[in-house]
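Student: A single structure is presented below for examination.
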Amino acid sequence: MIAVKLDQSWMNEIGGEFDKPYMHDLKAFLLKEKESGVTIFPKGDDIFNAMNTTSFDKVRVVIIGQDPYHGDDQAHGLSFSVRRGVRVPPSLLNIYKELEAEYGTKRPDHGDLTAWAEQGVLLLNATLTVRRDSAGSHQNKGWESFTDAVIRAVNDHHEHVVFMLWGSYAQKKGAFIDRSKHLVLTSTHPSPLSAHRGFLGCGHFKSANEYLESHGLQPIRWVA
């Protein structure tokens with residue numbers, strides 16, 4: 001079920017995770033889901049899309065989400081992102097509102113964040129699959145250990161990466177990040193339930209670019 005089509009730069013860093021017992025258990029779980037006729041999102045080729053689009057060597061920013069979207073045609077392996085032609089989800093709409101406030105530009109007419117990922121923004125969900133119409137259904141099955149390894153590799157082998165931890169879940173997952181060599185930005189989640197309690201007005205996108213530039217790194221083009 002897990003077709004391991006992972007960018008070689010990541011395989012060099014975390015390829016050993018695929019041989020660990022938790023990953024064998026995860027594969028067995030996903031196979032059982034498939035055999036029972038359950039629809040799983042995203043489709044197999046997109047499960048590792050975040051890392052296949054953002055190679056290990058290119059990572060400059062990490063944005064941690066929780067689950068893939070569980071509605072039809074939404075999830076494509078990048079946290080908070082949906083393909084062009086799909087309605088922009090509420091959390092992403094608030095992300096766009098924050099960008100509007102920071103840069104004074106018109107929000108995009110789509111929800112595809114691939115352009116961010118191609119520049120070095122790792123859009124990583126903590127859990128990389130989900131059952132259709134069932135939020136959180138693939139939590140605590142092993143994915144969290146794998147994505148912890150992803151974050152730890154970036155933390156340990158890079159310097160001056162910006163980690164955006166929105167909401168308590170992301171903040172707990174990123175608790176081990178070394179703040180002496182990376183910038184960690186925290187706020188409430190961009191969900192409509194919490195965005196007005198700290199996400200809107202956070203200034204994270206400009207702060208990220210100021211930090212990157214201060215260390216001689218290219219800023220992210222957040223808006224076209």
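The values are calculated or read from the model by the stated rules, or taken from the named source; none is laboratory data. All of these numbers come straight from a predicted model, not from anything done at the bench. Backbone-built Cβ (ideal geometry, glycine too); neighbour counts: all protein chains shown. When the accessible area is computed, the model is the full protein with side chains, heavy atoms only, and any ligands, DNA or RNA have been set aside. Shrake-Rupley method; radii C 1.70, N 1.55, O 1.52, S 1.80 Å.
Student: For segment 97-102, just list the computed ³J(HN,Hα) in residue order, Karplus coefficients 6.51, -1.76 and 1.60, θ = phi - 60°, integers in Hz, with x standing in for Gly and Pro.
Tutor: Karplus values, whole Hz, x for Gly and Pro: 4, 5, 4, 4, 5, 6.
Student: Let me understand segment 56-104 better: what is its radius of gyration from the alpha carbons, and its Dmax, in angstrom?
Tutor: Expressed in Å, the Cα Rg and Dmax of segment 56-104 come to 12.4, 32.
Student: I need the Debye-formula profile for segment 77-130: one equal scatterer per C-alpha, no solvent, reported as log10 I(q)/I(0) at q = 0.22, 0.26, 0.30 1/Å, two decimals.
Tutor: Per q value, in the given order, log10 I(q)/I(0) is -0.91, -1.17, -1.30.
Student: Cut-off 10 angstrom, C-alpha nodes, Gaussian network model of the chain. Which of Val61, Val121, Val150 fluctuates the most?
Tutor: Val150
Student: Moving on to the next point. Percent relative contact order of segment 1-140, based on C-alpha pairs within less than 8 angstrom and at least six residues apart?
Tutor: Numbers: 219 pairs, mean separation 41.7, N = 140.
After rounding, I find 30 percent.
Student: Grab the Cα-Cα distance for Leu217 and Ser9, subtract it from 0.36 nm times how many residues apart they are, and report the gain in nm with one decimal. List each step's numbers first, then the result.
Tutor: Values: separation 208, 0.36 × 208 = 74.88 nm, distance 2.00 nm.
72.9 nm is the gain from fully extending Leu217 to Ser9.
Student: Something else: Per DSSP H run of at least 4 residues, take -39500 (n - 2.57); add these up for the chain, divide by its residues and hand me the 222 nm value, nearest 500 deg cm²/dmol.
Tutor: Values: 8 runs with 79 residues, N = 224.
For the chain, the value works out to -10500 deg cm²/dmol.
Student: May I ask for the Rg/Rh ratio of segment 1-107, computed from Cα atoms with Rh as the Kirkwood radius, given to two decimals? Numbers along the way, then the final one.
Tutor: Working: Rg = 16.3 Å, Rh = 16.0 Å.
We get a ratio of 1.02 for segment 1-107.
Student: Give me the percent of Cα-Cα pairs in segment 94-224 that sit more than 18 Å apart, rounded to a whole number.
Tutor: Details: 5136 of 8515 pairs.
That fraction is 60 percent.
Student: Okay, moving on. Please calculate how many Å² of accessible area the chain carries per residue, with a 1.4 Å probe and no DNA, RNA or ligand atoms counted. Walk me through the intermediate numbers first.
Tutor: Details: 10340 Å² over 224 residues.
Dividing the accessible area of the chain by its residue count gives 46 Å².
Student: Tell me the volume per residue, in Å³, of the convex hull enclosing the alpha carbons of segment 30-79. Can you show the working numbers first?
Tutor: On the way: hull volume 4.4 nm³, N = 50.
That works out to 87 Å³ per residue.
Student: Could I ask something else about it? Rounded to the nearest 20 debye, what is the charge dipole size of segment 67-224 about its Cα centre when +1 sits on each Lys and Arg Cβ and -1 on each Asp and Glu Cβ? Walk me through the numbers on the way to the answer.
Tutor: On the way: 17 positive and 17 negative charges, 58 e Å.
So the dipole magnitude of segment 67-224 works out to roughly 280 debye.
Student: Another question about this same structure. Let me see the pair-distance distribution of the chain: every alpha carbon pair, 10 Å bin width, integer percents in order.
Tutor: Going from the shortest bin to the longest, the percentages are 8, 35, 38, 17, 2, 0.
Student: On the accessible surface of segment 52-173, probed at 1.4 Å, how many percent belong to carbon and sulfur atoms?
Tutor: Numbers: 2060 of 4830 Å².
With neighbouring chains kept in place, the figure for segment 52-173 is 43 percent.
Student: Please report, in debye to the nearest 20, how large the charge dipole of segment 86-170 is about its Cα centre when each Lys and Arg carries +1 at its beta carbon and each Asp and Glu carries -1 there. Display every interim value, and only then the final one.
Tutor: Numbers: 8 positive and 11 negative charges, 79 e Å.
So the dipole magnitude of segment 86-170 works out to roughly 380 debye.
Student: Give me the distance in nm between label points sitting 7 Å out from Cα along the Cα-to-Cβ direction at Arg83 and Ala101, one decimal.
Tutor: 3.3 nm
Student: Further, regarding this structure: Run the 1.4 Å probe and let me know the accessible area of Ile177, rounded to the nearest 10 Å².
Tutor: Taking all protein chains as shown, Ile177 has close to 10 Å².
Student: List the residues whose amide H sits under 5 Å from the amide H of Asn125, counting only those 5 or more places along or on another chain, with H placed 1.01 Å from N in the peptide plane.
Tutor: Gly65, Ser79
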